[in-house]
Amino acid sequence: MKRNSNIAQVNNRRSFLRRSLTTGAAVMGGTALAGNKAFAQNSESGSSLGLTLGDIAILRFLAAAELIESDLWQQYAELGGLTSGQPIEVDMNQQLNSYQAALSNLDSDGPQYITSNTVDEISHATFLNGYLESKGVDPVDFSEFQTLQGSTAAGALNIGRLTNLMHLNVDTSWFIRYRSATNPDFGATFPQALTITNRTAIPRTDADFNGTDHIQVIANTAAFHFGYIEQGGSSLYQALSQKVSSLEVLKITLGIGGDEIAHFLEWVDFAGNGVQAPVAPVTDQGLTFPNFFSPLNPLTQPSLIFPVPCEFINPQLPHCSVIRPSSDKFGGAVATIASFTQDGLFFGQQKQFLQLLQRMAEEADAAVRQC
């Protein structure tokens, strides 16, 4: 577990270009993609006959989910990533703002991880839309719904957003679920590790940069939200992969899904650092992040970063360490949109957007594997 409670500068560990974020962000509108029809002739399937309707529905929903993730991660990167503010080449000697410093208290590489996660999500959205176009399918375009007002704090870009990170009801039950030997696919339920209701995970204005405990609680809220988002993506790809017909599409869902799992494991570690010394306990405006080592409960032990073996396939079989849930009932497309909505990600968003997402989710969950 790595931590640094007094970071003044970004560690000079990697060279990274902030401009990749703004270049990749062009995919948010879905119109900057150049379709390559010839690609369909050269795919592994060896055919240009196209995809099943089920596979198309799955890929379109995953593209939608990745656009949503790209939007929210872009907001995190602007304020807490490796470089805050203008899209310029990274100055490795730049001074951290207090949000970046608070995130660095959880892991000295925190700003780098946030930026890298953002680039990954943008690449997922870009690829999925590009692949759909290569098969003659329209890409997913949410540009008309990028209307939400984001943060006005220094560093945040003055652009419309799909998601809202300032009114979150963060589901923290995942923190307990992955430390339990029971599986939601068999009906297991889990309490909240922390109660985080209607909180912001980013500085809303410059005023939020003030106050050591205040900005640390915002950063800790973000840390548990990171884990919530990426555990959901891990289960989503697992659930939808079971419905895929094309081996090439299965390669896509397994490949991108594996990257989502890599993200999740990092944020498990990251969130755990927010509930142990020297960061915890910390309190602001009624929200406390306690030290989970005092007293120690195995179901909230911060230093457990890998999934504990649990029930899988059949409760009578030996326990196995797996991503869970993996059924569409709990981890599928409709479940994902319901969870995102409850999370507050779409606070203030247009009704038409939510209706569109629901329709896409239902179509993806309705897909049936064809052999």
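On the beta carbon distance between LYS351 and ASP206, with R0 = 30 Å, the FRET formula returns roughly 0.40. The residues neighbouring GLU266, those whose beta-carbon lies less than 10 Å from its own, together hold a net charge of -4 under the Lys/Arg +1, Asp/Glu -1 convention.
Once you order the gyration tensor axes a ≥ b ≥ c over the Cα atoms, which shape class does the stretch 19-365 get: rounded for a/c under 1.5, otherwise prolate or oblate by comparing a/b with b/c? Verdict is oblate for the stretch 19-365.
Show me the three semi-axes of the equivalent ellipsoid for the stretch 184-290, from the C-alpha gyration tensor (sqrt of 5 times each eigenvalue), largest first, rounded to whole Å.
Over the Cα atoms of the stretch 184-290, the ellipsoid semi-axes are 34, 16, 12 Å.
Can you tell me, using C-alpha contacts under 8 Å and at least 6 residues apart, the relative contact order of the stretch 183-294 as a whole percent?
Numbers: 103 pairs, mean separation 30.1, N = 112.
That works out to 27 percent.
By the count of other C-beta atoms within 10 Å, a proxy for reagent exposure, HIS263, HIS214 are ordered fewest to most as HIS214, HIS263. When peptides 64-74, 343-353 are ranked by their average number of other Cβ atoms within 10 Å per residue, the highest-first order is 64-74, 343-353.
Highest mean packing first, where packing is the average number of other Cβ atoms within 10 Å per residue, the peptides 153-162, 51-60 line up as 51-60, 153-162.
Every read-out reported here was derived from the displayed coordinates using simple, explicitly stated rules and does not represent laboratory data. Just so it is clear, the model here is predicted, and its values are computed rather than measured. Positions of Cβ are generated from backbone atoms using ideal geometry, with glycine treated the same way; all protein chains shown enter the neighbour counts.
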